[in-house]
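A short write-up of the structure that comes next.
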Amino acid sequence: MNLNTIDNVYFIGIGGIGMSALARYFKANNKRVAGYDKTPSDVTRALETLGIEVHFNDSIANIPNAFLNYDTTLVVYTPAIPKDNMELVHFKNNRGFSLLKRSEVLGLITKNTFCLAVAGTHGKTTTSSILAHLLYKCNVPLTGFLGGISENYNSNYISKGTEVSVVEADEFDRSFLTLSPDIACITSMDADHLDIYGKAEVLQESFLEFSKRIKDGGTLFVKNGLPIEGLTYGIEDDSDYTALHIKIDNGSYIFDVKTPTAVINNIKFNLPGRHNLSNALIALAMALEYGCNPQELVKALESYAGVKRRFTYQIKTDDLVFIDDYAHHPEEIKAAHQAVREMYPGKTVLAVFQPHLFSRTRDFIDDFAKQLAQFDELLLLDIYPARELPIEGVTSQWLLDKIKNEKKELVSKSDLISKIKASDADVIITLGAGDIGAEVKHIKTALYDN
């Protein structure tokens, strides 16, 4: 398909973080853009300020007339959209329309670029955000499609040219198999999305298939210990690229990096947590492989400010710390806990967790219980269903009963703030990928007023 022949791009699920980045891309490239989403959000409001028309009622009547011409319109949808969505059904039944998944469009856009892709069940958004920032600061003519809002650019879309692309290679629905990167990494292959894959082994096979999509002469990096061939990276180990001599100075990491050919000294990185240090390391390695100057990269890394909802500080005072994080898998909760304990040893930590998906809760119930039990106090919200219908017996109460922690409680959103304010915890962390993010600003305001 030739995207140059398209005048209009219509998005079904335009408020999704990956979809909205594509919407920004097409708007920047002078296409007429509009779309539907279920509810308004900060993301959709930001799109509207760009002149993108968004509506929130699933109705064919709400589709602007210009987008009903199949000769000039591309329709983009996400697998998270229900199959009975009226607008999606309309476009599917009118076979003249070009109808593509988000991942297929991303594959078309990046096909003729030098593509750097970040894959893995955890760490994609932070790693790709760091990588895009490093390349941007090194004046690489890039377009970055991010899975989160970069604090440096207040956007999930970064553009300084079209010769190079930075993308997240998403394993959900095998989306990453539409990409053919020049440089790629695999950060992790923990079991996830078992509603799609069924078994962890099938998920691992898809990552192996992705590794074979690297262009001839390209480079694949893998986290040390993963069962896939490639250049390895790791923390204080024997990897091809490794972080060494790690120190913490006023909440920041100071470390050296050993590459196959050199050592880069005194690198500063301001995000807490060994998982983030690992993300910074692989982003640095990929930028070096691309050809960036090491000292320019060191300077750029120090200026990296993070991604919203990735260990984002909402309040940071001597008396109280409030952190918000997207963690929704047991390994991500483990990483968030490690970061909190490393930065605030001896402090009392209250975690507020909203489980995401009934199937994920069911598949990892014991792992969730183990990781959540590590916090001093726990407030648990009901499961956020996202694209799923309830599964009998899979509830937050079931999860709560498995958590070995005396200070735990199942709470409603309406009672959440009063329960948080009643706690004497020194550190509060909200966790989850559902709509808990919408509660953060209210929690922050209430804590400031406390």
The stretch 202-252: which trypsin sites (Lys or Arg not before Pro) are DSSP loop and have at most 16 other beta-carbon atoms within 10 angstrom? Lys212, Lys215
For the chain, whose charge dipole is built from +1 on Lys and Arg Cβ atoms and -1 on Asp and Glu Cβ atoms, the candidate among Ala300, Met1, Val440 with its Cα farthest towards the positive end is Met1
Treating the stretch 243-337 as a set of equal point scatterers at the Cα positions, no solvent, please give the Debye-formula log₁₀ I(q)/I(0) at q = 0.22 Å⁻¹. -1.18
Most mobile listed residue (Thr242, Thr49, Thr312) in the chain, GNM with C-alpha springs under 10 Å: Thr49
Just how far, in whole angstrom, is the stretch 49-118 from the stretch 21-35 if you go by their alpha carbon centroids? 11 Å
Where a ≥ b ≥ c are root eigenvalues of the Cα gyration tensor, a/c under 1.5 meaning rounded, otherwise prolate if a/b exceeds b/c and oblate otherwise, the stretch 380-450 counts as oblate
Expressed as a percent, the accessible surface of the chain that is carbon or sulfur, using a 1.4 Å probe and the full set of protein chains, is 45 percent
Straight-line reach from Lys212: which lysines have Cα under 26 Å away, leaving out those fewer than 8 places along the same chain? Lys101, Lys111, Lys124, Lys199, Lys223
Could you point to the residue in Ser211, Tyr157, Tyr344 farthest towards the positive end of the chain's charge dipole, with +1 and -1 charges on the Cβ of Lys/Arg and Asp/Glu respectively? Tyr157
When N counts the residues of the stretch 1-70, how does its alpha-carbon radius of gyration compare numerically with 2.2 N^0.38 Å, as a ratio? 1.03
Using only protein heavy atoms and a 1.4 Å probe, report how much of Leu277 is accessible, in Å² to the nearest 10. 0 Å²
Could you give the Stokes-Einstein D for the stretch 202-244 in µm² per second, using the C-alpha Kirkwood radius, 37 °C, 0.692 mPa s? 292 µm²/s
Could you tell me what % of all Cα pairs in the stretch 34-134 have separations over 20 Å? 52 percent
What Kirkwood radius, in Å to one decimal, follows from the Cα pairs of the stretch 321-431? 14.0 Å
What number, in percent, do you get for the relative contact order of the chain if the mean sequence gap of Cα pairs under 8 Å and at least 6 apart is divided by its residue count? 11 percent
Quotient of Cα radius of gyration and Kirkwood radius for the stretch 203-296, i.e. Rg/Rh, equals 0.99
In whole angstrom, the spacing between the Cα centers of the stretch 125-149 and the stretch 426-450 equals 27 Å
Eligible aspartates and glutamates near Lys31 by straight Cα distance, threshold 20 Å, same-chain separation 8 or greater: Asp7, Glu48, Glu53, Asp71, Glu104, Glu163
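Dipole of the chain, Cα-centred, from +1 at each Lys and Arg C-beta and -1 at each Asp and Glu C-beta, to the nearest 20 debye? Please report the intermediate quantities before stating the final value.
Details: 46 positive and 58 negative charges, 174 e Å.
In debye, rounded to 20, the chain gives about 840.
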Within the chain, what's the longest stretch lacking GluC sites (Glu not before Pro) that sit in DSSP loops with no more than 14 other Cβ atoms inside 10 Å? 1-162
Length-normalised contact order of the stretch 117-219 in % [C-alpha pairs under 8 Å, at least 6 apart]: 31 percent
As a test question: what accessible area, to the nearest 10 Å², does Cys292 have when a 1.4 Å probe is rolled over all protein chains in place? 10 Å²
So, for the Cα atoms of the chain, Rg and Dmax in Å stand at 21.9, 64
Accessible surface, the stretch 259-337, averaged per residue in Å² (probe 1.4 Å): 39 Å²
Quick check for you: with a 1.4 Å probe and neighbouring chains kept, what is the accessible area per residue of the stretch 86-241, in Å²? 38 Å²
Taking a 19 Å limit on the Cα-Cα distance, which of the listed pairs Lys137/Lys160; Lys268/Lys299; Lys370/Lys402; Lys268/Lys441; Lys316/Lys407 fall beyond it? Lys268/Lys441; Lys316/Lys407
Compute and list, largest first, the equivalent-ellipsoid semi-axes of the stretch 104-178 from the alpha carbon gyration tensor, each √(5λ) rounded to a whole angstrom. 18, 15, 9
Dimensions (Å) - the stretch 112-246, Cα atoms, principal axes, largest first: 40, 38, 31
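The values are calculated or read from the model by the stated rules, or taken from the named source; none is laboratory data. Nothing here was measured: the structure is a model prediction, and the numbers come from that model. No Cβ is skipped: glycine too gets one built from the backbone with ideal geometry, and neighbour counts run over all protein chains shown. SASA here: full protein model, heavy atoms, side chains in, ligands and nucleic acids out. Shrake-Rupley method; radii C 1.70, N 1.55, O 1.52, S 1.80 Å.
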